[in-house]
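Working notes, structure below.
The values are calculated or read from the model by the stated rules, or taken from the named source; none is laboratory data. Not measured: the values here are computed from a predicted model. Positions of Cβ are backbone-derived with ideal geometry, glycine not excepted, and every protein chain shown enters the neighbour counts. These accessible areas exclude ligands, DNA and RNA; they are computed on the full protein's heavy atoms, side chains included. Shrake-Rupley method; radii C 1.70, N 1.55, O 1.52, S 1.80 Å.
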Amino acid sequence: MYIIPAIDILDKKVVRLREGNYEQVTHYDVTLEEMIERYQSNGTNFIHVIDLNGAKNDFSNQEYLFNVIRKTDMKVQYGGGVRSIDKVRELIDAGIHRVIVGTQAITNPSFLEDLSKAICGQDRCSDQVVVAIDVLDEVIKYSGWMESSPIKLMDYVDKCLALGFFRFLCTDINKDGKLGGAGIELYKKLLDHSPFIKLIASGGVSSMKDIEQLSKIKVESVVVGKAIYENLISIEEIKDWNLQALMSI
């Protein structure tokens, strides 16, 4: 299992939200460029960047984000406001390692099918397209977690699998931004339902003990944000863990 450091951007600033609430924002006195440099200089080669403005259909961050991302040779997993197949293709062609799709996949019934036909062989989809599943008490949320979907969680997973998408970024909103531990029960349910999905866990990680618990249930990777900014997990610990993970493959 691999640890992917998260950088959330709101109004061009590094922040973390609590339970996805834009009214509960913690700002950090560091820039996106500085965070990328910090990770890269410590041997981390994979980052998770979310445009929180884009998640609300505000694309004022986008040019800034793209300019910064283009300058790094790190692998970037990118999400927030990816609303069209053209945008997915543009991001992949620009060198984004993985593109996260969320709201459009929920609200537009044909989007995933059209995306699969347009750019995906099944292996390629798993490598380059990540389907975000943001969950609050087993209800799928979208549009920056402000809207609820009537689609049942496992039904949605099955739909994605049938179209060739089998890498999922699952955020347990109950846990997100609280540093109270990861949503182990939710991830177990998903993996029990579909043991072969590539699951990226997100939300609540507060210590290396949480990382060890996630590793035991065999999630593919885990996104860690606030625990790094609050100095509960060091970048050096992430580097050491990831090196061991690579050695064990």
The chain - mean residue ellipticity at 222 nm from DSSP helices (-39,500 (n - 2.57) per run, n ≥ 4, rounded to 500): -10500 deg cm²/dmol
In the chain, what cysteines have no partner Cβ closer than 4.7 Å? Cys160, Cys170
For semi-axes √(5λ) of the Cα gyration tensor in Å, the choices are [x] 24, 21, 19; [y] 28, 21, 17; [z] 38, 21, 15; which was calculated from the structure? [x]
Roughly speaking, what is the stretch gain from Asp93 to Asn108, that is 0.36 nm per residue apart minus the C-alpha to C-alpha distance, in nm to one decimal? 3.1 nm
Using a 1.4 Å probe on heavy atoms of the protein chains only, the accessible area for Glu236 in Å², nearest 10, reads 90
List nothing, just return the count: lysine pairs in the range 193-249, 8 or more apart or interchain, with Cα separation under 20 Å. 8
Quick check: at a probe of 1.4 Å, how many percent of the accessible area of the chain sits on carbon and sulfur atoms? 46
Report for the range 1-86 the percent antiparallel among DSSP-assigned beta bridges with both residues inside it, nearest 5. 45
